[in-house]
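What follows is a single structure, written as C-alpha cells, with notes after it.
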Amino acid sequence: MRKKIIAANWKMNMTNGEAEAFFEKFLQELGEDRKVEVVIVPPFTALAKAGELLRDVQNVNLGAQNMHWEKSGAFTGEISASLLRELYVHYVVLGHSERRTLFGETDAIVNRKVHAAHANSLTPIVCIGETLAERDAGKVEEVLATQVKGSLDGLTAEQLEETVIAYEPVWAIGTGRTATPEQAQEAHAFIRGRLAAGWNAEVAAKVRIQYGGSVKPSNAGELMAQPDIDGALVGGASLDARGFAEIIQATRALLE
Ligand code: PGA
C-alpha cells in the first residue's frame, strides 16, 4: 500500500552535461515500469536542466537538496520553496546529516523548513539518524525520538502523510558500511511507532520511510524487502545511471 520511493541524492556533483548523459542512459535502463517512484535530487544548478529532461517522464520526480524557510528577501545564497516550485520541483530533502553536522542545522531549523515546504506544496524528505558514538552508547532510540519530535513538530496528520522520512545512520553514509537489514528494520519500526504515538496509527502506517547509507545494487534487495522500509535515499551509487537503475530494478523485483 505504501508505494516504494527511491531517490538519487547527487549532493555536490553533476554538471548539466553530466546530468544529460545520466538521463539518456538511466531512462533507457529504467524502461516503462512505474511501480516504484523515482526522485532525482540534483544540485541547484542542474535542477532546470533535469526538469526539462524529465518533463514528459511519468513517476520520475524532481527534488532539491535544501531550501530556506522564508518566502523571499535578503538571504544571500539561499533558495526558497517558491523558487523551487518554479522549476517543477516536487520534493525537498531537509536535515540531511551533512547539513546538520557541517552547516549547523538543528531540529528547530529543520522544523521551520518542513513547515515552509508544506506551505508551498513541496513534499519534504526529512532525514534523521544516529552517529556511531550514539549507537555505541545505546542511544539510537533516544536520538531518533528526539529528531522525529523536533523535526516534525506541529505537523497535522494530513501534512505528516505527505512527508517522507529518511532514516540514515550517519556511520553508514558514504562509508561503504551499510546497516544490516535487521538493524534498519528495527530503526524503521521504532520511527513508525513514534509517529503513531505522536499522531495516530492510521497515518503512521501511511508514511513512507526510506533507508539511506551506502545503498548499492548488491544490498538494495534485502533492505527494501523489510516490512517498514519503503524506499531508499541513495548517494554515491546514484551517480552511476546503470547502478541506480539496478537499485530500482531490485526493488521492483520484490513487487512481482
Ligand atoms: P551514500 O549517501 O549512499 O553515499 O551513503 C546517502 C545519503 O547521504 O543520502
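The values are calculated or read from the model by the stated rules, or taken from the named source; none is laboratory data. Keep in mind that what you see is a predicted model, and the values were worked out from it rather than measured. As a convention, Cβ positions derive from the backbone with ideal geometry for all residues, glycine included, and neighbour counts pool all protein chains shown. Calculation scope for accessible area: heavy atoms of the full protein, side chains included, ligands and nucleic acids excluded. Shrake-Rupley method; radii C 1.70, N 1.55, O 1.52, S 1.80 Å.
Brief remarks on what is shown
- Considered as a group, the residues in region 210-249 that are aliphatic (A, V, I, L, M) and out of contact with any Leu (no Cβ under 9 Å at 6 or more places or on another chain) include one that is most open to solvent (accessible area, probe 1.4 Å), and that residue is Leu239.
- Checking each residue in region 36-56 for being assigned to a loop (DSSP other than H, G, I, E, B) and modelled with pLDDT of 95 or more picks out Val36, Pro42, Pro43.
- Residue that is farthest from the ligand (Cβ to nearest atom), among those in region 83-101 that are open to solvent by 60 Å² or more (accessible area, probe 1.4 Å) and over 17 Å from Trp10 (Cα atoms): Glu86
- Residue check, Thr131 out of contact with any strand residue (DSSP E or B) (no Cβ under 7 Å at 6 or more places or on another chain) and exposed (fewer than 14 other Cβ atoms within 10 Å of the Cβ): no
- Looking only at region 208-226, residues that are small (Gly, Ala, Ser), within 16 Å of Lys4 (Cβ to Cβ) and away from the ligand (no atom under 12 Å from the Cβ) come to 2 in all.
Rundown of residues vs (1) of a type outside the set (Gly, Ala, Ser); (2) more than 22 Å from Val38 (Cβ to Cβ); (3) touching a Phe, Trp or Tyr at 6+ places or on another chain (Cβ under 6 Å), yes/no style:
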| residue | (1), (2), (3) |
| --- | --- |
| Arg55 | yes, no, no |
| Ser72 | no, yes, no |
| Ser80 | no, yes, no |
| Thr101 | yes, yes, no |
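- Test: Thr106 is more than 14 Å from the ligand (Cβ to nearest atom), of a type in the set (Val, Ile, Thr), over 30 Å from Leu144 (Cβ atoms) and out of contact with any Phe, Trp or Tyr (no Cβ under 7 Å at 6 or more places or on another chain): no
- Residue count for region 70-82 under the criterion of being open to solvent by less than 70 Å² (accessible area, probe 1.4 Å), assigned to a loop (DSSP other than H, G, I, E, B) and at negative phi: the result is 2.
- Within region 167-190, if we keep just the residues that are charged (D, E, K, R) and within 11 Å of the ligand (Cβ to nearest atom), the residue that is surrounded by the most Cβ atoms within 10 Å (Cβ to Cβ) turns out to be Glu168.
- Ile229 passes every criterion in (1) within 16 Å of the ligand (Cβ to nearest atom); (2) touching a residue at least 40 places away in the same chain (Cβ under 8 Å); (3) under 24 Å from Asp107 (Cβ atoms); (4) not in a loop (DSSP other than H, G, I, E, B) apart from (4).
- Taken across region 148-163, residues that are within 16 Å of the ligand (Cβ to nearest atom) and farther than 21 Å from Ser80 by Cα do not occur at all.
- Residue check for Val215: touching a strand residue (DSSP E or B) at 6+ places or on another chain (Cβ under 9 Å), in a loop (DSSP other than H, G, I, E, B) and at pLDDT 95 or above: yes
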